[in-house]
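In what follows, a structure is listed as structure tokens, so that the remarks can point back to it.
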Amino acid sequence: MNLTELKPCVLERRILPKVWGGRALESVLDLRLPPGEAIGETWELFDRPDGSSRLRGSEVTLRELMEFDSAGLLGRGVRPAPGGYFPLLLKYIDAADRLSVQVHPDDLRAREEGDSGKTEAWVVLHAGPDARIVCGLREGVSAEQLAAVAHTADVEQLLASHRPAVGDTFFVPAGTVHAIGPDVVVFEVQQNSDITYRLYDWGRPRETHLEKALEATRVGPPEPGGRAQIDADTEWLFRNPHFTTRRVVVRNPASLGTEGTFKTLSVVGGRGTLGWHSGGAEPPLLLQLGDTVLVPASTGVVFLSPIGAMTVLVCGPGVTR
């Protein structure tokens, strides 16, 4: 990419082996994974101190785009994460086994560690017969009850456990006790943060962060995620001050406006192409299953052409409802 302009770009992913991972991303999203490893996460869009997404077919990184023209990339009123980083992080997660029961801090607590808080949300892409997701605590559980048993297996009786199905959504505000797995694959959108406090690890010997986890935990009824149907093929999944997400099924050629702020499009079904007004100088981008494309705010409008039908998760900056 010539860094005299911003334009839509497909991002290269970071592939992360995890002890709880598996190989389901090969079958669910047709991703090419390194052989013989249990893969737990792929970071589809990231801009962190230890690395940043690279644009496909280029050596340019998202960090360089932010340094080149963050206002044109992010759009009006969108603030970067602390340190000037891109505000969101997008992942696919394959929880073949159970992740630890954990919690993330809010912005105020995370600021003490020089990072953002971590509100996140999941869209279920695969759920096997043993699939489970923990999101929050059972109704009526108090902070005192949690603290009394958090270091023991008795904590399992306090967790709100769900049997997920494909298409389900889970909104996980900072401070929510949660765990993914086993036997589930999700798309995750989150604030750009990497702070995790492990509360309980199902009897495994990994380190926990009990004191910080309990301090960060929020008890009480769950917050609504903002899910709402727009039309037959478009649905709001999440709307909150940190990010928005829509699920869009594209059956015929269609346009999508940036509305003055960046958008990301992650292909979770089918494939197609994405074009934009470039004076004929740029061919459309081919979007394969699993791909994530970043559309700068300054692009204005993009044009989607499905090959068959294509399902995309469209993420953008947060809103105040």
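The values are calculated or read from the model by the stated rules, or taken from the named source; none is laboratory data. Since the structure is predicted, the reported quantities are computational estimates derived from the model, not experimental observations. Cβ sites come from the backbone with ideal geometry, for glycine too, and all protein chains shown count toward neighbours.
So which pairs qualify, if the first residue must be in the range 34-47 and hydroxyl-bearing (S, T, Y), the second must be in a strand (DSSP E or B), the Cβ gap must be under 8 Å, and the two must be at least 6 apart or on different chains? Cβ pairs passing all conditions: T42/R14; T42/I15; T42/L16; T42/K91; T42/Y92. Being free of Cβ contacts under 8 Å to residues at least 40 places away in the same chain and closer than 22 Å to V219 by Cβ is the filter; apply it to the range 161-189 and report the residue that is surrounded by the fewest Cβ atoms within 10 Å (Cβ to Cβ). Of everything passing the filter in the range 161-189, S161 is surrounded by the fewest Cβ atoms within 10 Å (Cβ to Cβ). Counting the residues of the range 224-281 that are of a type in the set (D, E, K, R) and more than 14 Å from P317 (Cβ to Cβ) gives 7. Scanning the range 230-256 for residues that are within 21 Å of L74 (Cα to Cα) and over 21 Å from the mean Cα position of the chain (by Cα) turns up just one, S255.
Going residue by residue through the range 212-231, is there one that turns out to be free of Cβ contacts under 8 Å to residues at least 12 places away in the same chain, assigned to a helix (DSSP H, G or I) and in the same structural domain as A179 (by TED's automatic domain parsing)?
For the range 212-231, residues free of Cβ contacts under 8 Å to residues at least 12 places away in the same chain, assigned to a helix (DSSP H, G or I) and in the same structural domain as A179 (by TED's automatic domain parsing): absent.
In the set (1) farther than 26 Å from L125 by Cα; (2) touching a Ser or Thr at 6+ places or on another chain (Cβ under 7 Å), E215 fails one condition alone, (2).
Within the range 124-136, residues that are farther than 30 Å from L214 by Cα reach partners that are charged (D, E, K, R) and surrounded by 17 or more Cβ atoms within 10 Å (Cβ to Cβ) with beta carbons closer than 8 Å, at six or more positions or on different chains, in the pairs G128/D183; P129/D183. When the range 155-188 is filtered for residues that are in contact with an Asp or Glu (Cβ under 8 Å, 6 or more places away or on another chain), closer than 19 Å to P224 by Cβ and not in a strand (DSSP E or B), the ones remaining, listed by number, are P173, A174, G175. It is to be established whether one or more residues within the range 88-111 are at pLDDT below 95 and under 30 Å from G300 (Cβ atoms). The answer is no, given that none of the residues of the range 88-111 is at pLDDT below 95 and under 30 Å from G300 (Cβ atoms). Here L237, L289 are screened, and the one residue that is touching a helix residue (DSSP H, G or I) at 6+ places or on another chain (Cβ under 7 Å) and under 22 Å from G167 (Cα atoms) is L289.
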